[in-house]
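Structure, as structure tokens:
The values are calculated or read from the model by the stated rules, or taken from the named source; none is laboratory data. All of these numbers come straight from a predicted model, not from anything done at the bench. Here the Cβ is made from the backbone with ideal geometry for all residues, glycine too, and neighbour counts use every protein chain on show.
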Amino acid sequence: MSISLHHPAQSRRGPLRRLLRDGSTAVSLVLLACLLLVCSSAPLIGAAFDIDATSIDLFNIAAPPSAAHPLGTDEIGRDLLMRLLDGGQVSLTVGIAAALSATAIGTVAGLIAGYRGGITDAVLMRLADGVISLPLLPLLIVLAAIDPAKLGLPPELVHSENFSLYRIIVIIALVGWTTTARLVRGTVLSLRERDFIEAARAQGLPPSRILFRHLLPNAASPILVAMTLTVGNVILFESVLSFLGLGIQPPIPSWGNMLTGAQDLISLSPMLAIWPGMLIFAAVIAFNFLGDGLQDALDPRTQARHGQ
């Protein structure tokens, strides 16, 4: 009799088909693909239309749309379309990078807590409970307001143009890992005494191989769903922090700090705030719908209803 070390969940079929059958999820995928493609192509678009997103024209502030500026100009005369595309690059990069980082931390913590149990599980989960109990937005504001120069970081790093971007990613990753950790821990607790894990132990496989080869693949579904939902939340948090002046710092554009720049001219040129606001709304809603669609597509109960 042969013993398979792989859980039957690894042989699932049809989740992509179920995912694409859901209308809201399919629209969200198309919208996100378009946003990522257009924003990542910003340099090519600027070169094709000879538009420089950093070119300032103080004689052409908050100008209406024209042939030279399809969406008009911003509060200091820069092309609004190119600023939106460049800001989308930053906001989406922060959202995806911070979500990936938080998910990686939470996954490792959840795997270790669930597999080891005992004091290790208690310490990690009480740490997670402590982070969860703190109000997230005020905590992010406090952490973002800390002067990094007083933390002993190299001055050349602190004063680099991209430091505010790195700081936001690190801050959100350090406080956003708890949801994934608890999901992964619960999955590992339900699987660690199963036959295929006992068989792996009987063959003398090291714990690291059991964790990452046999337990992690079976926790992939909740991890993927949690990460997708986290991206939308991170984009929203980054926008709030940037709007408050604690996130991405100019001259680097983001949708959040574009809202800040539009405040003084919102009565004269409301589109300066409407465009970045609409893009934030669209990206967050699309990631949330995608997360919900993934949850339904990867749920074993959904597969059972479809006879798969």
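Odds and ends about this structure:
- For Gly110, the conditions (1) surrounded by fewer than 18 Cβ atoms within 10 Å (Cβ to Cβ); (2) part of a helix (DSSP H, G or I) all hold with the exception of (1).
- For segment 146-195, the candidate set comprises residues that are touching a Pro at 6+ places or on another chain (Cβ under 9 Å) and under 22 Å from Arg116 (Cα atoms); within that set, the residue that is surrounded by the fewest Cβ atoms within 10 Å (Cβ to Cβ) is Gly186.
- Pair list, Cβ under 6 Å, 6 or more apart: segment 84-109 residue charged (D, E, K, R), other residue not in a helix (DSSP H, G or I): Asp86/Ala53; Asp86/Pro253
Listed here are the residues, each with its yes/no results for (1) buried (at least 17 other Cβ atoms within 10 Å of the Cβ); (2) more than 25 Å from the chain's Cα centre (by Cα); (3) within 14 Å of Pro253 (Cα to Cα); (4) not charged (D, E, K, R).
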site: Leu36; (1), (2), (3), (4): no, no, no, yes
site: Phe49; (1), (2), (3), (4): no, yes, no, yes
site: Thr54; (1), (2), (3), (4): no, yes, yes, yes
site: Phe59; (1), (2), (3), (4): no, yes, no, yes
site: Pro65; (1), (2), (3), (4): no, yes, no, yes
site: His69; (1), (2), (3), (4): yes, yes, no, yes
site: Asp74; (1), (2), (3), (4): yes, yes, yes, no
site: Arg78; (1), (2), (3), (4): yes, yes, yes, no
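- Cβ pairs under 9 Å, 6+ apart, first in segment 199-210 and closer than 16 Å to Val188 by Cα, second at pLDDT 80 or above and part of a loop (DSSP other than H, G, I, E, B): Ile210/Arg192
- Close contacts from segment 30-58, counting a first residue that is without any contact (Cβ under 8 Å) to a residue 60 or more places away in the chain and a second that is surrounded by 11 or more Cβ atoms within 10 Å (Cβ to Cβ) and among the acidic types (Asp, Glu), with Cβ to Cβ under 7 Å and a gap of 6+ residues or different chains, come to Ala42/Asp86; Gly46/Asp52; Ile51/Asp79.
- Checklist (1) loosely packed, with under 15 Cβ neighbours inside 10 Å; (2) under 18 Å from the mean Cα position of the chain (by Cα); (3) within 30 Å of Arg213 (Cα to Cα); (4) not hydroxyl-bearing (Ser, Thr, Tyr) applied to Ala98, failing item: (1)
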